[in-house]
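Trainee: Have a look at the structure that comes next, please.
The values are calculated or read from the model by the stated rules, or taken from the named source; none is laboratory data. All values reported here derive from a predicted model rather than from experimental measurement. Here the Cβ positions follow ideal geometry from the backbone for every residue, glycine too, while neighbour counts run over all protein chains shown.
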Amino acid sequence: MAITEESKSVESLTRVDIVGTGLSSYAAHIFHQELRRVLAEVGHSTPAATWQQISQQLLRPEHPYTLHQLMYYSTFRTWDPAVHGPPPSWIPNLGSAKLTNLGQLLESKGVELLGSQYANPIDSYSAFQRWSVQHPERYFQLVFEEESIVFHQQPRCILDTSNEAIPGGQWLPGAALNIAESCLASKGKKTDSSTAIIWRDEGEDELPLKTLTLAHLRAFVSQVANALECLGLQQGDAIAIDMPMNVYAVTAYLAIILAGFVVVSIADSFVPNEIRVRIQISKAKAIFTQDHILRGAKKLPLYSRVVEAQGPLAIVIPADGKSMGLQLREGDLSWDDFLSFSNHLSRPNEYKAVVQPIEAHANILFSSGTTGEPKAIPWTHVTPLRCSTDAWAHQDIRYGDVFAWPTNLGWMMGPYLIFGSFLNGATIALYNGAPHGHSFGKFVQDARVTQLGVVPSLVKTWKSTGCMASLDWSSIRCFCSTGEASSPDDYLWLSGRAGYKPVLEACGGTEVGGSYVGGSLVQPQSFSCFSTPVMANELVILDESGNPFPDNEPCIGEVALVPIMLGASSTLLNADHDSVYFKGMPFFRGRQLRRHGDMFERLVGGFYKAHGRADDTMNLGGIKTSAVEIERVCNKAHEAVLETAAIGVQGPNGGPDQLLIVAVLKKGNQIGLDELQKIFSLAVSSKLNPLFKVSGVAVVPEFPRTASNKVMRRVLRSQFTKKMNPSMTSKL
């Protein structure tokens, strides 16, 4: 379904239309009566207000999804995005807005900070965001006071911009702390008896959830930190983690930092060569890993990959938490043998944090590495504060919340989950298993998750398989989405699973330490759109000549960032930071802009839409377009299509880009390539541009993806360029 002039308006829907969505005749009659009642109550209100009432009063997760689609698209049938911006999927009410972190801060400080501009958290949010850009020192000082940060030496100031050689300024100069100690501290509402982690292992759906209090986590981390000191390493040495995101991984992560070492983040999906490259770049002296990864009845190798990568001293944790399932390499340590190093201590479960200067490295993460060697990006002890303040303001993480995000320490969202939760007093919810099916959804239900992080491809899988039916996700206060561009139709389904809670999009990067654009619970949200630059950050959209478009003007171009960003990188281990992020960039208001590389569109109403990476654009018939825009159309072209990737491919003799659509089909579906090409061609020419021609199609079982789940279009482009002939047909 789509918003078209041919669609019926919601006022003209009949009982027969509702029966057509799958409801029984009687249920459709009742629903239609309730719909008429709601429409009478809203009267001549805007479609946005009408949708708010329908979504909150009438629609239920158990209703057929086609009914949700019918209500949404018929409500916004006459909505003109060129005039009003994208149709809102969720609108905050003032009462709930005042209870958010931003709302409470504005209610107590709004008049002081904004003067007569302040009205309430909803109407004054945009003014407050602009104020935070102009006064980042004051803004972050206020937020830091809300978090459990333990300084051993207070900073001289929040931000020092006096040194022009540091484009992003120096944050918290002179401060000394250990960010892991802050995560484990009892401070504010967070006490030793607070639940720090709640988790479940795959296959234990009917068993009680497992929990760890803050006191128990601190003791566990301290035991590991004490054992680490016995390895003969020097302060500042790097120690890698290559394992799933479970309790042991979180414990090892915090222990490494607590003891004054540096975490090297490696995704557990990497093959030996990718592991080897990251170990060599970081010069890791040891590595935490598991013997296997357990996924149902399958045992996926992990330790053997580390051995093949010629990794350093390995500390190997049994996947089942009990017995080691293999013979270790000489010199490597089992988990039990490693922990026994602290047995000689009188208090092995206590550890005094190694205090670090704020600019000391805490974590080394990597870019995806889809072209050449991955960039090694050091996070200092400042960067976790960027994670926590973003989570505080934009995901509204607060004490008592339960934050879940199926992720990995090899992707920045793993550390983000740790710091965003612990520094704000929330509980981390970890599912030790694959997140693709009903078992994960039941964990979300049983753990009473309040904020659920997702990536669009995962949501697409949930929706296409129907695996989340009958689950109660009413505890969710919002969803958070990042990693790749999303589908409005998929997120209509997702929002409806929790009774139409907002889906907050976020876009940032490892080198940013968080997001630069996102959403908030004090603003209306629209599916697959961003509603705001993040607090205390400013973005600029550049035209093809590299000139900034005027503020607030609808436009599309490459994003550049004003470099004053808490926690953003200032160095790379294996590349020149200035060349990568600043060389050749224009100046804006006296400061050289920071390169980021995303293509973004600024929409009417202050919303933004992602169009993928700037290098994922293509020139079709002299018209520059993004892969994401083509994929949005092709994903809806036929019910057999699960997802698509659009790539511009040149023939062996060069020439203009030719459009190739690579598709993944839903399980059990088959369709001929010739027919699929006709379907995609019609969709692209009718929905985007009649000059765009689909020159070829291919079907693959799955897409190559980065550790953060982004489709690697470059890999597909390389793969299929080799197969192209000069005429380029669908017979690939």
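Trainee: Identify, please: which residue in region 269-295 is under 26 Å from the mean Cα position of the chain (by Cα) and part of a loop (DSSP other than H, G, I, E, B) and is, among those, surrounded by the most Cβ atoms within 10 Å (Cβ to Cβ)?
Mentor: Among them, the one singled out is PHE270.
Trainee: Identify, from the list SER495, SER486, SER439, SER474, the residue that is at pLDDT 95 or above, buried (at least 22 other Cβ atoms within 10 Å of the Cβ) and among the polar types (S, T, N, Q).
Mentor: Result: SER495 is the single residue among SER495, SER486, SER439, SER474 that is at pLDDT 95 or above, buried (at least 22 other Cβ atoms within 10 Å of the Cβ) and among the polar types (S, T, N, Q).
Trainee: Among the residues of region 242-268, which ones are in a loop (DSSP other than H, G, I, E, B) and either among the small types (Gly, Ala, Ser) or within 22 Å of ASP336 (Cα to Cα) (or both)? Outline the logic, then answer.
Mentor: The initial filter retains those residues of region 242-268 that are in a loop (DSSP other than H, G, I, E, B), namely 243-246, 259-261, 266-268.
Result: MET243, PRO244, MET245, ASN246, ALA259, GLY260, PHE261, ALA267, ASP268.
Trainee: Which residues, taken from region 557-605, are in contact with a Gly (Cβ under 9 Å, 6 or more places away or on another chain), surrounded by fewer than 17 Cβ atoms within 10 Å (Cβ to Cβ) and small (Gly, Ala, Ser)?
Mentor: Across region 557-605, the qualifying residues are GLY584, GLY597.
Trainee: Can you tell me which of ASP242, ASP205 is among the acidic types (Asp, Glu) and buried (at least 23 other Cβ atoms within 10 Å of the Cβ)?
Mentor: ASP242
Trainee: Does region 684-696 hold any residues that are closer than 15 Å to LEU660 by Cβ and in a helix (DSSP H, G or I), and which are they? Walk me through how you get there before you give the answer.
Mentor: Filtering region 684-696 for residues closer than 15 Å to LEU660 by Cβ gives 684, 692-696.
Of everything in region 684-696, just one residue is closer than 15 Å to LEU660 by Cβ and in a helix (DSSP H, G or I), namely VAL684.
Trainee: Please work out if VAL316 is out of contact with any helix residue (DSSP H, G or I) (no Cβ under 6 Å at 6 or more places or on another chain) and assigned by TED's automatic domain parsing to the domain that holds PRO374.
Mentor: When the stated conditions are applied, VAL316 does not pass them.
Trainee: Further question: Identify, please: which residue in region 57-101 is among the charged types (D, E, K, R) and closer than 19 Å to GLN33 by Cα and is, among those, surrounded by the most Cβ atoms within 10 Å (Cβ to Cβ)?
Mentor: Residue satisfying both the conditions and the ranking: ARG60.
Each row is one residue, and each column tells you yes or no for (1) part of a loop (DSSP other than H, G, I, E, B); (2) farther than 19 Å from ASP396 by Cα; (3) modelled with pLDDT under 95.
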residue	(1), (2), (3)
HIS44	yes, yes, yes
GLU62	yes, yes, no
LYS98	no, no, no
GLY110	no, no, no
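Trainee: Considering (1) within 29 Å of the chain's Cα centre (by Cα); (2) under 17 Å from TYR500 (Cβ atoms), say which one PRO81 fails and leave the rest.
Mentor: Of the numbered conditions (1) within 29 Å of the chain's Cα centre (by Cα); (2) under 17 Å from TYR500 (Cβ atoms), the odd one out for PRO81 is (2).
Trainee: On to the next question. From the list VAL444, VAL512, VAL517, which one is in a helix (DSSP H, G or I) and either within 23 Å of LYS210 (Cα to Cα) or within 19 Å of the chain's Cα centre (by Cα) (or both)?
Mentor: After ruling out the rest, the residue left standing is VAL444.
Trainee: Still on this structure, I have one more. I'd like the full set of residues that are under 20 Å from LEU492 (Cβ atoms) and not in a helix (DSSP H, G or I), limited to region 22-42.
Mentor: GLY22, LEU23
Trainee: Let me ask something else. So CYS480 clears everything in (1) crowded, with 23+ Cβ neighbours inside 10 Å; (2) more than 23 Å from MET599 (Cα to Cα) except one condition, right? Which one?
Mentor: For CYS480, the failing item is (2).
Trainee: Can I ask one more? Of ALA434, ALA469, ALA429, which residue is part of a loop (DSSP other than H, G, I, E, B) and within 26 Å of ASP242 (Cα to Cα)?
Mentor: ALA434
Rundown of residues vs (1) small (Gly, Ala, Ser); (2) modelled with pLDDT of 80 or more; (3) in the same structural domain as CYS467 (by TED's automatic domain parsing), yes/no style:
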position	(1), (2), (3)
GLN670	no, yes, no
SER695	yes, yes, no
PRO701	no, yes, no
ASN709	no, no, no
MET712	no, yes, no
MET728	no, no, no
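Trainee: Counting just the residues of region 526-551 that are touching a Cys at 6+ places or on another chain (Cβ under 9 Å) and under 23 Å from PRO87 (Cα atoms), which one comes out surrounded by the fewest Cβ atoms within 10 Å (Cβ to Cβ)?
Mentor: ILE541
Trainee: Can you name the residue in region 381-423 that is of a type outside the set (Phe, Trp, Tyr), in contact with a Ser or Thr (Cβ under 6 Å, 6 or more places away or on another chain) and not in a helix (DSSP H, G or I) and, of all such residues, is surrounded by the most Cβ atoms within 10 Å (Cβ to Cβ)?
Mentor: Selected residue: LEU409.
Conditions tested, residue by residue: (1) modelled with pLDDT of 95 or more; (2) outside the structural domain of PRO456 (by TED's automatic domain parsing); (3) among the basic types (Lys, Arg); (4) within 25 Å of GLN395 (Cα to Cα).
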position	(1), (2), (3), (4)
GLY508	no, no, no, yes
GLY514	yes, no, no, yes
LEU521	yes, no, no, yes
CYS529	yes, no, no, yes
THR532	yes, no, no, yes
ILE541	yes, no, no, yes
SER545	no, no, no, no
ASP551	no, no, no, no
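Trainee: So LEU172 clears everything in (1) closer than 30 Å to TYR581 by Cβ; (2) surrounded by fewer than 21 Cβ atoms within 10 Å (Cβ to Cβ) except one condition, right? Which one?
Mentor: Answer for LEU172: the failing condition is (2).
Trainee: Filter region 398-439 for residues that are under 15 Å from the mean Cα position of the chain (by Cα) and under 25 Å from GLN141 (Cα atoms) and give the result.
Mentor: PHE403, MET412, MET413, PRO415, TYR416, LEU417, ILE418, PHE419, GLY420, SER421
Trainee: Right, here's the next one. Quick one: would you say PRO47 is outside the structural domain of HIS638 (by TED's automatic domain parsing), buried (at least 17 other Cβ atoms within 10 Å of the Cβ) and not aromatic (Phe, Trp, Tyr)?
Mentor: yes
Trainee: Could you tell me whether GLU206 is assigned by TED's automatic domain parsing to the domain that holds GLU359 and either part of a loop (DSSP other than H, G, I, E, B) or out of contact with any helix residue (DSSP H, G or I) (no Cβ under 9 Å at 6 or more places or on another chain) (or both)?
Mentor: Answer is yes for this residue.
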